[in-house]
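The values are calculated or read from the model by the stated rules, or taken from the named source; none is laboratory data. On a predicted model such as this, the values are computed, not experimentally measured, just so you know. Methodologically, a virtual Cβ is constructed for each residue, glycine included, from the backbone with ideal geometry; neighbour enumeration extends over all protein chains shown.
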Amino acid sequence: MTERISRRLREAAEAHQPDRVRMLARVNQGMAASTTTRPVSGIRRSWSRVTLAGVTAAGVLVSAGLAFAGFVQTGPPAETTMPATPNSVSTPSPAPPSPTGSSTPPVITRQDPPPDPNPPSSPETKTADGPLSSKGSVNPNSHTFWTQDDLVLDVAAPLTKLTVEVHIGQTGGVQSTGQWQTAPSDDFTVTVKEIDGEVVYRWELKPGRTVPAARQDFAVQYNHGSGARDGKADRYGVMATAAGRDYAVWGGFKS
Amino acid sequence: MLVDHRSAEFHDFFERHHAELARLAWLLTGEADAADDLAADALVALWQRWDRLRGAEHPLAYARGVVANMARERIRAATRERRRIALFWSRGPEQVRSPDVAAVVDVRAALDGLPFRKRACVVLRHAFDLSEKDTALALGISVGAVKSQTSKGMAELERVLGARADVVMGRGNQ
């Protein structure tokens with residue numbers, strides 16, 4: 001009799017067919033919320049601590065439409081203050097940084113980039129600069145609910161600094177499902193944050209590491225609500241330093 | 001520590017265990033859609049502690065425990081709501097699409113007749129074949145309590161379902 005009841009209980013359990021897609025969407029949403037709410041100021045703080053590859057390059061990227069939220073220019077670079085795990089920075093205090101850079105000079109913050117109708121114009125795309133050459137494309141395996149954007153960065157000289165960002169327009173239901181790169185994971189600090197209507201993937205070369213002269217691939221993957229995407233809402237930007245000079249490239253993803 | 005590695009690991013956990021957790025939520029609450037949401041929410045709670053749990057041996061036990069707690073809270077809230085509006089609380093619109101719907105409904109109804117802890121013990125031990133130890137781990141109670149709650153719960157189910165089985169005998173064999 002007990003065995004019979006057990007069997008009926010198992011059958012009752014199996015009668016429920018969970019809606020995997022619905023569950024995954026809810027989980028991803030919860031994950032994104034718990035990542036973005038914790039350190040809302042995290043990426044801004046981390047930006048402020050990061051030695052950007054080049055202030056000039058940064059300004060160019062901002063005017064090219066890759067206006068990173070909380071994009072910050074520091075004074076004299078305070079190197080190696082990037083927290084090892086930006087995600088764990090949980091102090092929500094908006095107070096200026098930082099535990100380590102006590103002598104950090106005042107920062108000029110450019111949050112909410114103004115809707116300037118005539119920004120100092122940078123071209124829509126600039127795919128090559130010095131030793132950098134780049135190309136963005138939508139991976140052909142993408143489908144109605146899921147997209148992978150590929151960024152191929154051809155590097156002709158060793159890079160001592162490198163920041164790669166991919167911005168995905170939050171057109172509704174966009175949830176990151178991951179990212180990867182061909183360079184060793186250990187060389188980069190990777191963050192994924194939703195900022196001002198965009199899901200922002202960011203790779204930051206760790207201080208002291210070098211990217212060799214070689215082809216480097218970066219890929220981001222995300223779920224989206226039904227409806228194919230063509231990459232038009234997605235952009236990338238790269239800032240790098242080679243032999244003491246700064247370079248920047250940026251562009252979109254072609255399907 | 002990289003976001004992508006943790007995330008990939010967690011998504012792998014999701015793929016392996018989401019169905020079991022949703023079914024557990026379904027057997028405990030009897031609400032199909034809400035069960036999926038509840039299990040998803042439990043997984044998010046798991047994610048928020050993932051750094052700590054991934055090294056532990058029992059992330060799944062933890063997840064089951066979260067599902068059980070959430071299910072109990074949900075049932076309590078629903079009970080309060082039912083009292084407040086003094087209406088019969090329908091479990092209605094989410095019908096089970098099973099070839100043997102009536103049998104499943106009977107089991108679900110019988111489970112609803114059990115106090116929550118007995119129900120959870122019976123479900124984990126017999127619907128999911130968990131050991132007494134794993135059941136105790138998930139529910140945060142002693143093995144002794146699992147033993148007694150399970151045997152009492154099963155006795156009640158046998159009484160209720162056995163009586164009904166006499167009535168509907170034969171249907172299940174076709």
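Can you tell me which residues in the stretch A:18-31 are more than 7 Å from chain B (Cβ to nearest Cβ) and either closer than 30 Å to B:A155 by Cβ or crowded, with 21+ Cβ neighbours inside 10 Å (or both)?
A:N28
Taking the stretch A:130-169 only, how many residues are surrounded by 18 or more Cβ atoms within 10 Å (Cβ to Cβ) and farther than 25 Å from A:V21 by Cβ?
13
Yes or no: A:T125 under 24 Å from A:P207 (Cβ atoms) and either among the polar types (S, T, N, Q) or modelled with pLDDT under 85 (or both)?
no
Residues checked against (1) out of contact with any helix residue (DSSP H, G or I) (no Cβ under 6 Å at 6 or more places or on another chain); (2) of a type in the set (A, V, I, L, M); (3) crowded, with 18+ Cβ neighbours inside 10 Å; (4) without any contact (Cβ under 8 Å) to a residue 24 or more places away in the chain:
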residue: B:H5; (1), (2), (3), (4): yes, no, no, yes
residue: B:L24; (1), (2), (3), (4): no, yes, yes, no
residue: B:L27; (1), (2), (3), (4): no, yes, yes, no
residue: B:D33; (1), (2), (3), (4): yes, no, no, no
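Does the stretch B:51-59 include one or more residues that are within 7 Å of chain A (Cβ to nearest Cβ) and at pLDDT below 90?
no
Of all the residues that make up the stretch B:14-50, how many are more than 8 Å from chain A (Cβ to nearest Cβ) and more than 29 Å from B:G153 (Cβ to Cβ)?
3
Identify the single condition in (1) of a type outside the set (A, V, I, L, M); (2) at pLDDT 90 or above; (3) in contact with a Lys or Arg (Cβ under 9 Å, 6 or more places away or on another chain) that A:D217 does not satisfy, given that it satisfies every other one.
All conditions are met except number (3).
Evaluate the stretch A:197-216: report whether one residue or more is assigned to a strand (DSSP E or B) and of a type in the set (G, A, S).
Let us first name the residues in the stretch A:197-216 that are assigned to a strand (DSSP E or B), namely A:198-205, A:211, A:215-216.
Okay, now just the ones that are also of a type in the set (G, A, S), so none.
No, every residue in the stretch A:197-216 fails to be assigned to a strand (DSSP E or B) and of a type in the set (G, A, S).
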